[in-house]
Amino acid sequence: PDPVVQQPVADPVTPSAPVAAPVSGPIPAGTLMVQLNVFDDQDSAQQEWDLLVTKHRDLLGGLQRHIERREAGGRVFYRLRALGFNDADQVAAVCAALLLRDVQCIPVTAR
């Protein structure tokens, strides 16, 4: 029998990619993103981004941070998202790689 060969996950960004500037303001509808977590305050979302980029620069280094303030059911929360993907395949590859590293990741499209 042939040995099982692990195929490497596509490298979505270069390992030495600098961290892109954060995005503020509305995101155009149809923009591909990943949601990394939800927080009760903006500072916690920012701290988590800094930690994630430090630990996973090879996956997140070339992406832009977006912290979206939302309100539902009388509760205010902040979505930590990243954008700057070329296509849906790249979104899927990054999420798959992050999930393998036990990092929460959900592909989303701006509405």
Worksheet item: How far apart, in nm, are the 7 Å Cα→Cβ label points at residue 58 and residue 72?
Response: 3.4 nm
Worksheet item: Sequence-distant or interchain residues sharing an amide H contact under 5 Å with residue 63, placed H: which?
Response: 20
Discussion item. I'd like the Karplus ³J(HN,Hα) series for the stretch 23-29: coefficients 6.51, -1.76, 1.60, θ = phi - 60°, whole numbers in Hz, and an x wherever there's a Gly or Pro.
Written reply: 9, 10, x, x, 9, x, 4
Discussion item. Using amide H atoms built in the peptide plane, which far-off residues or other-chain residues are under 5 Å from residue 31 H to H?
Written reply: 110
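Each value in this text was obtained by applying a stated rule to the coordinates, not by laboratory testing. What you see is a predicted model, and the numbers here were worked out from it, not measured in a lab. When we count neighbours, we look across all protein chains shown, and the Cβ atoms used for this are built from the backbone with ideal geometry, even at glycine.
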